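As C-alpha cells, the structure follows; a few thoughts come after it.
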Amino acid sequence: MSKVISELSASPGRRVFGVGVLSILGLLLLRMALVGTVTGSGGSWLDGLVLVLGLGSIGGAWVMYKATARRLILSEDALSDSEGVVLARLEDIVTVDRGTFAFKPSNGFLMRTSNGNTRLWQPGLYWRIGRRIGIGGITRAAESKAMADLITVKLAEREAAKTHGL
C-alpha cells in the first residue's frame, strides 16, 4: 500500500445544501404533478412529465447523498476514491487545469490523462469521460486547490526525472 499524500472530501454544509435543494425540487414537482397544477385539468401528459422529473430529482438527490459520502485519496501511485475505484494512475496524468475558463466542476480542477478509460460519475465529487477527469463540485475550494497543486508538483518531479535521466 502506497503512502497517502492528500485526501479530498465533500464539505458537510455544501453536501446538505446540494442534497436538500434537489430533494425540495423533487417534492415540489411531485406535489405539482399529483395536484394537477401544471395544466389545471389533471391527467395531462405534462402532469406525467412533471411526475417523472420529480422522481428523477429525488433519485438524483439520493445518488448525490451516497456519492458525496466518498473521499478522494491521492497516494504516491494513483488518485482513487475511498471505495477503491482508481480514477487515474499518476504516471498517466498529463495536465492539471484549474483555470477560470476550464471545463471543470465548481471548486475543483480538470485533469487530462494519456489514455482513455470508462465513464464514471459521482455527483458532487468527480466525473471521468474518456481522457478527462473533473474533480470537485461540493468539495472545499482550498482542499481541491491543494490536491491540484500536489499533483502538479508530482508531474513536475516526473518531468525533471525524465530530463535529467534519473
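Filter the stretch 89-121 down to the residues that are polar (S, T, N, Q) and surrounded by 11 or more Cβ atoms within 10 Å (Cβ to Cβ), then identify the one that is nearest to I151 (Cα to Cα). So that I can check it myself, show each step before the final result.
So the first thing to find is which residues in the stretch 89-121 are polar (S, T, N, Q), and the list is 95, 100, 106-107, 113-115, 117-118.
Now drop any that are not surrounded by 11 or more Cβ atoms within 10 Å (Cβ to Cβ), which leaves 95, 106-107, 113-114, 117.
On the way: T95: 9, S106: 18, N107: 16, T113: 12, S114: 15, N117: 19 Å.
My answer is T95.
For residues in the stretch 135-166 being more than 22 Å from L120 (Cα to Cα) and hydroxyl-bearing (S, T, Y), which is modelled with the highest pLDDT?
So, considering only residues that are more than 22 Å from L120 (Cα to Cα) and hydroxyl-bearing (S, T, Y), the one modelled with the highest pLDDT is T152.
Name the pairs: first residue in the stretch 142-166 and closer than 12 Å to S6 by Cβ, second residue open to solvent by less than 50 Å² (accessible area, probe 1.4 Å) and small (G, A, S), Cβ to Cβ under 6 Å, at least 6 apart or on different chains?
From residues that are closer than 12 Å to S6 by Cβ, the pairs are S144/G108; S144/G136; M147/S6; L150/S6.
Restricting to the stretch 33-49, and then to whatever is under 25 Å from A61 (Cβ atoms) and open to solvent by less than 70 Å² (accessible area, probe 1.4 Å), can you tell me which residue is modelled with the lowest pLDDT?
Once the filter is applied, the top-ranked residue is V38.
With the structure loaded, tell me whether V85 is in contact (Cβ under 8 Å) with a residue 12 or more places away in the chain, of a type in the set (A, V, I, L, M, F, W, C) and open to solvent by less than 60 Å² (accessible area, probe 1.4 Å) or whether it fails that test. If you could, list the steps in order and put the result at the bottom.
Values: in contact (Cβ under 8 Å) with a residue 12 or more places away in the chain: yes; of a type in the set (A, V, I, L, M, F, W, C): yes; open to solvent by less than 60 Å² (accessible area, probe 1.4 Å): yes.
Judged against the criteria, V85 is a match.
Could you run through the stretch 125-166 and say how many residues are over 18 Å from A78 (Cβ atoms) and among the aromatic types (F, W, Y)?
Total satisfying the criteria: 0.
Just one of the numbered conditions (1) open to solvent by less than 20 Å² (accessible area, probe 1.4 Å); (2) in contact with a Phe, Trp or Tyr (Cβ under 7 Å, 6 or more places away or on another chain) is not true of I151; which one?
Single failed check for I151: (2).
Is there a residue being closer than 23 Å to D149 by Cα, open to solvent by 70 Å² or more (accessible area, probe 1.4 Å) and modelled with pLDDT under 90 anywhere in the stretch 66-76? Before the answer, list the steps.
From the stretch 66-76, those closer than 23 Å to D149 by Cα are 68, 70-76; that's our starting set.
With open to solvent by 70 Å² or more (accessible area, probe 1.4 Å) added as a condition, the list becomes 71, 76.
Now drop any that are not modelled with pLDDT under 90, which leaves 76.
Yes, because at least one residue in the stretch 66-76 is closer than 23 Å to D149 by Cα, open to solvent by 70 Å² or more (accessible area, probe 1.4 Å) and modelled with pLDDT under 90.
The values are calculated or read from the model by the stated rules, or taken from the named source; none is laboratory data. Being a predicted model, the structure only gives us computed values, none of them experimental. Quick reminder, even Gly has a Cβ in these numbers, built from the backbone with ideal geometry, and neighbours come from all protein chains shown. Just so you know, the surface numbers come from the protein's heavy atoms only, side chains and all, with ligands and any DNA or RNA stripped out. Shrake-Rupley method; radii C 1.70, N 1.55, O 1.52, S 1.80 Å.
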